[in-house]
Amino acid sequence: MSDGPIHDLIERWHAHVRGQLPGGLDELLHDDVVFYSPIVFTPQEGKAITTMYLQAAGQTLPGDRPEGAPATDGSGGFRYTKEVLAGDTAVLEFETTVEGKYVNGVDIIRCDDDGKIVEFRVMIRPLQAVNLVHAQMKAALEQMQR
C-alpha cells in the first residue's frame with residue numbers, strides 16, 4: 001500500500017503511537033533530526049534530544065481518559081483527526097483533553113528518502129493549552145533528567 005516514504009513512515013508512526021512498533025523512535029528518527037517545539041524557541045537537533053521531547057509529549061498529551069473508559073485503555077483521549085500527506089511531508093492534526101482543557105494541534109513531519117524523520121514540528125492551540133502543555137512538558141523533562 002506504499003505511496004512513497006512518507007506514507008510508509010506515517011503508518012509506522014501510528015504503530016509507534018499505539019505502542020506496536022518494535023524499535024520505537026530509534027527506528028523512526030534520523031540521527032540528525034530537528035525538533036521544533038511549541039514551547040522552546042530554538043530548534044532541538046539530534047535523535048537523543050528529539051526522543052526525549054517526544055517521550056515527554058507522550059506523557060503529557062495522552063490527555064484525560066474518556067469518561068467510562070477502562071484505566072488500562074491507554075488512549076487518554078489523544079487522537080489524530082486529520083491527515084494530509086504530500087511529497088516528503090505529513091501534517092497530522094490531533095485533539096486531546098488535558099486537565100479538563102481542550103488541546104488542538106498539528107504534527108508536521110518531514111522524512112528523507114529512507115523513510116526516517118528528519119524534521120518534526122509541533123504546533124498547539126489555544127493559548128490556554130500552550131500554557132498547560134508547557135508546564136507539564138517542563139515537569140516531564142525535568143523528571144527524565146533525574
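Taken together, the values in this text are just the output of simple stated rules run on the coordinates, not laboratory data. What you are looking at is a predicted structure, and each value in this text was computed from that prediction instead of being measured.
Before moving on, here are some points about what is shown:
- Tilt relative to the chain, helix 127-144 - C-alpha long axis, 0 to 90 degrees, to 10: 80 degrees
- Across the stretch 20-37, rounded Karplus estimates of 3J(HN,Hα) from the backbone phi angles (6.51 cos²θ - 1.76 cosθ + 1.60, θ = phi - 60°) give 10, 10, x, x, x, 4, 4, 6, 8, 8, 6, 4, 9, 4, 10, 10, 10, 8 Hz, Gly and Pro being marked x.
- DSSP bridge orientation in the chain - percent antiparallel, rounded to nearest 5: 85 percent
- Relative to the longest principal axis of the Cα atoms of the chain, the long axis of helix 47-60 makes an angle of roughly 30 degrees.
- Compared with the dominant principal axis of the Cα atoms in the chain, helix 5-17 is inclined by about 30°.
- Globularity ratio of the chain, using Cα Rg and 2.2 N^0.38 Å: 1.02
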